[in-house]
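Below: one structure, written as structure tokens.
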Amino acid sequence: MMGAIPVEHGLILAGILFSLGLIGVLTRRNIVFVLMSLEVMLNACGLAFIVAGSRWEQADGQIMFVLILTLAAAEVAVGLGLIIQMYRRFQTVDINVLSELKG
Amino acid sequence: MLDLIWLLPTFPLLGFLILALAEGKLAKGPAGWIGAGSIGLSFAVAALVAVSFLQSGLESHTVPIWTWMSVAGFDPGINLYLDGLSLVMILVITGVGFLIHVYSTGYMADDPDFSRFFCYMNLFVFAMLLLVLGDNLLLLYLGWEGVGLCSYLLIGFWYDDPYNGYAARKAFVVTRVGDTAMAIGLFLLFAQLGTLNIQDMLHAAEAEWAVGSALPAITALLLLGGAVGKSAQLPLQTWLPDAMAGPTPISALIHAATMVTAGVYLIARTHTLFELAPNVQLLVAWVGLITLLMAGFTAMTQNDIKRILAYSTVSQIGYMFLGLGVGAWSGAIFHLMTHAFFKALLFLGAGAVILSLHHEQDIFRMGAKRKQLPVGFLCFLIGGLALTAFPYTSGYFSKDEILIAALEVEGQGLWLWLGGVIGAFFTGIYTFRLFFVVFFGESRGHHDAKEVKGLNIALPLFILMALSLFGGWIPVPLDAVFSHGAEHEEHHISAFMHGVMIALPLFGIAISYLFYGSGILSAEKLMSLPGSRALHRFWNSGWGMDRLYDFLFVNPFLYLARVNAKDIIDAFYDMLAALSRAGHLLIVRTQTGYLRWYVLSMAAGLVALIAVGVLL
């Protein structure tokens, strides 16, 4: 493969994306942004699969990405539904307010 | 005909089952017929068996019914063993038992728990028959505990009164002390001789153990422990006077005629063991002697008609033990039989008196009742004469046999005889004190009492009167059972000694007459002597035995129970629980309810795991 991007670059990009997503999940208070950060993390995983698939020239990586894409779509559908329910019941999207389940 | 013995315990068992399953819904008529009828049928079978046994000339006969269990060579059967001894016992149990059952249909007629009463009574007769008919020690023990249970149930029959429950518990716990000793004795016998069959065991003991060696002495002592518990002898005699809390027919059947003599039966049944341990056998005699004297003193100071008779029972069983101890085996069993007659008569007569006087039991609130209660008067006259061994009544023959045998014991014979004769003197005093106070003198209450009527009350009394008078002529077929004893020798006793034996009880009657019959001497004057009041209190409390046992056993136990009320053992487990609770409280703080905290700990955990996987 001519002029191919080295596999390390791809993986480092995936790592950076994953970390950004994780930081977003940890620091964001608005649950919509938490969900978005979660999507970023999923995409980072997908990127890692694609990179690995092209490194070993296997189709499995891309198949896995399609699976993750489907999963993410389903997750967002359910997640947004839940967020709407939550907003209706508590009139807020701040997850710090919703901490009733403590021991 | 002999194989019909299995019917003997079956009828009372059936009666018990019918009455128990009917749950008291049976009317009194049918319940009485079933309760008394089952014992009547048993008595008919016993009479048939007795006739054919005596005609057959057999020494013993075993009827196997089935094998109880069979485990590795240990196979006790439910086998009934009939010989002269068990024959006498089954006739006494079913015969006297039947009369008392018939009497009870009248005595208990007004009781709301009529059928429960007969249910327990039938169960008792069933257990008692198993006790005397069992051919192995396990079956004997089953009957032994069965009669103990029925005694408990019947003492506490009127359970509304807490005192009755207390008396029942006391009887149960005190006899349990003896039963534990007996159970250990049975274990020891089985471990040493490898069989539970009584006859095999006795033969093995005779063959393997030397006279006077340690093993027969220990086993005999342990069996004696069971016997003194059941038969209310020193030191476990304290339960019997309290057992009078039960209905009077119970006192007659269980606590005079049959169950309390089970200890006598046990020792007579295992007499070979006691012959192998002469010291223990002598101890039996002394236990009997001391008990009969102590109970005699106490009986003279009691005022409750039933308690007087209770102490008298303790004293008479003391005579039986004395007889067993001096080797007068058949004399002791003979006294058991005659005692069953006249003591049942006295108790049933007392029941009739109590019922006629609206449940009055204090003899000093009666007085001059011979006109009002002619049948009761006759009961106490005949029963009292038999009890004091008036010549040619039934008690005379049996007591004579025991005392003459006591005299023949080498060394201590004279002391044993003297004690027994003095006991007979006391018997005369306390029996006729009761008699004169109740039936003579002036009326001190219940002036217009009428005697209870009814054939089912009067007929058993008259039959028992006849038996008390003439029961001494009934021959007991015991020679084959105790054949190797020295019983067949002619007894030689001087006319003087014999005269003393007859005269002392009469002298006792005369003293009672002087104090309570004629009023020439007065008990009040005797009581005003210095120290006599304290002595009276001491004897009246049964020589302070109850207080002694309270001090020695009951109070320390209660103290320990109070100290340990919070349960020291539990402290360890409580500590474990507290520890895990503390750990739980510690960990529960990590559950904050903040989503990001969970995410962070999951991520940190993952990183840590991966780090561990990479580095190691």
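The values are calculated or read from the model by the stated rules, or taken from the named source; none is laboratory data. Values in this document were obtained by computation on a predicted structure and should not be read as measured data. Methodologically, a virtual Cβ is constructed for each residue, glycine included, from the backbone with ideal geometry; neighbour enumeration extends over all protein chains shown.
Tabulated results
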{"item": "Helices (runs of 4 or more DSSP H) (entirely within segment B:382-477) containing at least 1 residues that are surrounded by fewer than 19 Cβ atoms within 10 Å (Cβ to Cβ) and polar (S, T, N, Q)", "result": "B:455-470"}
{"item": "Any pair with Cβ under 6 angstrom, 6 or more apart, that starts in segment B:47-64 at a residue that is in a loop (DSSP other than H, G, I, E, B) and ends at one that is at pLDDT below 85", "result": "B:Glu59/B:Ala480"}
{"item": "Residue check, A:Gly10 in contact (Cβ under 8 Å) with a residue 12 or more places away in the chain and closer than 17 Å to B:Val599 by Cα", "result": "no"}
{"item": "Of all residues making up segment B:586-616, the number that are closer than 30 Å to A:Arg28 by Cα and either part of a helix (DSSP H, G or I) or touching a helix residue (DSSP H, G or I) at 6+ places or on another chain (Cβ under 7 Å) (or both)", "result": "21"}
{"item": "A:Ile84 being away from every other protein chain (no Cβ under 14 Å) and either within 15 Å of B:Val599 (Cα to Cα) or surrounded by 14 or more Cβ atoms within 10 Å (Cβ to Cβ) (or both)", "result": "no"}
{"item": "Enumeration of residues in segment B:563-591 that are within 14 Å of chain A (Cβ to nearest Cβ) and hydroxyl-bearing (Ser, Thr, Tyr)", "result": "B:Thr590"}
{"item": "Some residue of segment A:2-15 being modelled with pLDDT of 90 or more, loosely packed, with under 14 Cβ neighbours inside 10 Å and within 13 Å of chain B (Cβ to nearest Cβ)", "result": "yes"}
{"item": "Among the residues listed as B:Phe551, B:Phe538, the single one being touching a Gly at 6+ places or on another chain (Cβ under 8 Å), in a helix (DSSP H, G or I) and either among the basic types (Lys, Arg) or closer than 24 Å to B:Ala299 by Cα (or both)", "result": "B:Phe538"}
{"item": "Selection count, segment A:24-35, where residues are out of contact with any strand residue (DSSP E or B) (no Cβ under 6 Å at 6 or more places or on another chain) and at the interface with chain B (Cβ under 10 Å from one of its Cβ atoms)", "result": "6"}
{"item": "Test: A:Val97 is more than 22 Å from A:Ile16 (Cβ to Cβ) and surrounded by 12 or more Cβ atoms within 10 Å (Cβ to Cβ)", "result": "no"}
{"item": "Index of the failed condition, B:Lys371 passing every other in (1) in contact (Cβ under 8 Å) with a residue 40 or more places away in the chain; (2) of a type outside the set (Asp, Glu); (3) not in a helix (DSSP H, G or I)", "result": "(1)"}
{"item": "Residues of segment B:294-337 satisfying the condition of being farther than 19 Å from B:Ala406 by Cα and of a type in the set (Ser, Thr, Tyr)", "result": "B:Thr298, B:Thr301, B:Tyr311, B:Ser312, B:Thr313"}
{"item": "Residue among A:Leu69, A:Leu38 that is within 14 Å of chain B (Cβ to nearest Cβ), hydrophobic (A, V, I, L, M, F, W, C) and outside any loop (DSSP other than H, G, I, E, B)", "result": "A:Leu38"}
{"item": "Cβ pairs under 6 Å, 6+ apart, first in segment B:1-25 and farther than 15 Å from B:Ser42 by Cβ, second charged (D, E, K, R)", "result": "B:Gly24/B:Arg116"}
{"item": "Flag if A:Ile50 is out of contact with any helix residue (DSSP H, G or I) (no Cβ under 6 Å at 6 or more places or on another chain) and either assigned to a helix (DSSP H, G or I) or more than 14 Å from chain B (Cβ to nearest Cβ) (or both)", "result": "no"}
{"item": "Residue in segment B:179-232 that is farthest from the chain's Cα centre (by Cα), counting only those that are within 23 Å of B:Gly288 (Cβ to Cβ) and polar (S, T, N, Q)", "result": "B:Thr219"}
{"item": "Selection status of B:Ile511, in contact with a Pro (Cβ under 8 Å, 6 or more places away or on another chain) and over 30 Å from B:Trp239 (Cβ atoms)", "result": "no"}
{"item": "Residues that are more than 9 Å from every other protein chain (Cβ to nearest Cβ) and of a type in the set (S, T, N, Q), drawn from segment B:592-607", "result": "B:Ser601"}
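Conditions tested, residue by residue: (1) β-branched (Val, Ile, Thr); (2) within 21 Å of B:Ala389 (Cβ to Cβ).
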position: B:Leu414; (1), (2): no, yes
position: B:Val421; (1), (2): yes, yes
position: B:Thr427; (1), (2): yes, yes
position: B:Phe439; (1), (2): no, yes
position: B:Ala449; (1), (2): no, no
position: B:Ile457; (1), (2): yes, no
position: B:Leu464; (1), (2): no, yes
position: B:Phe470; (1), (2): no, yes
position: B:Val476; (1), (2): yes, yes
